[in-house]
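Derivation of every value follows stated rules applied to the coordinates shown; laboratory data play no part. Remember, it's a predicted structure, so these values are computed and weren't measured experimentally. Neighbour counts run over all protein chains shown; Cβ positions are idealised from the backbone, glycine included.
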Amino acid sequence: MKYALIILALVFSYAFYNYNHKSQINKKVKIAKVTKEPIKYPNTQDGVVAYVEHVINSGSNRFNFPGGEMEGGYIPKEKARAVACYVYELSGRKCTKSYDKDAPLYFSSSCASCHGIDAKGVGGSYPDLTKNPLLGVGF
């Protein structure tokens, strides 16, 4: 019981920190206009990582998922490439570029609520990030 309370306190502390941190980021980062225009990215590691990084930073509503528009800026720009590389690995492929070990933490705290901890999308309301090719890549 004692350990459960400690873990619960840590989870709430992290959630509070993350909420405040996002608020600070959104004040500093101008949210880019969400676009429906296709951008060509090849179905290669560099193409997928660049595409996911672009969506993290700029948002997307190109595919009209029931969950609605994804705004950009949920993750700091300097962490977006690391999270994109982590997302690439969630599809069962190996990202040859090194990335920060905190990328899974950013994904789980900012992306998993919609995409799921396994990145397969929650109930079809949001895109499955594990598909190969990833939706939006290789037009």
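Starting from the amide H of residue 59, placed 1.01 Å from N in the peptide plane, find each other amide H under 5 Å away whose residue is 5 or more places distant or on another chain.
Placed amide hydrogens put 72, 73 under 5 Å from residue 59.
With +1 on each Lys and Arg Cβ and -1 on each Asp and Glu Cβ, and nothing else charged, work out how big the dipole of segment 43-97 is about its Cα centre, in Debye to the nearest 20.
Dipole size: approximately 200 debye.
Give me the distance in nm between label points sitting 7 Å out from Cα along the Cα-to-Cβ direction at residue 93 and residue 63, one decimal.
Spacing of the two 7 Å Cα→Cβ label points: 1.5 nm.
Would you mind checking the pairs 77/97; 40/79; 94/131; 97/120; 77/120; 40/101 and listing those with alpha carbons more than 21 angstrom apart?
In this structure, 40/79; 97/120; 77/120; 40/101 exceed 21 Å between Cα atoms.
Determine ³J(HN,Hα), in whole Hz, for all residues of segment 59-66 in sequence, where each value follows from phi through the Karplus function 6.51 cos²θ - 1.76 cosθ + 1.60 and θ = phi - 60°; x replaces Gly and Pro.
x, 6, 8, 5, 10, 6, 5, x
Which whole-Hz ³J(HN,Hα) couplings does segment 112-118 yield from phi under the Karplus relation 6.51 cos²θ - 1.76 cosθ + 1.60, θ = phi - 60°, glycine and proline marked x?
For segment 112-118, the Karplus curve yields 5, 5, 9, 8, x, 5, 8 Hz.
Taking 25 Å as R0, compute the FRET efficiency from the Cβ-Cβ separation of residue 114 and residue 43 and round it to 0.05.
It comes out at approximately 0.60.
Bin width 5 Å, origin at 0, all Cα-Cα pairs of segment 55-94: what percent of pairs per bin?
6, 23, 21, 21, 23, 6, 0
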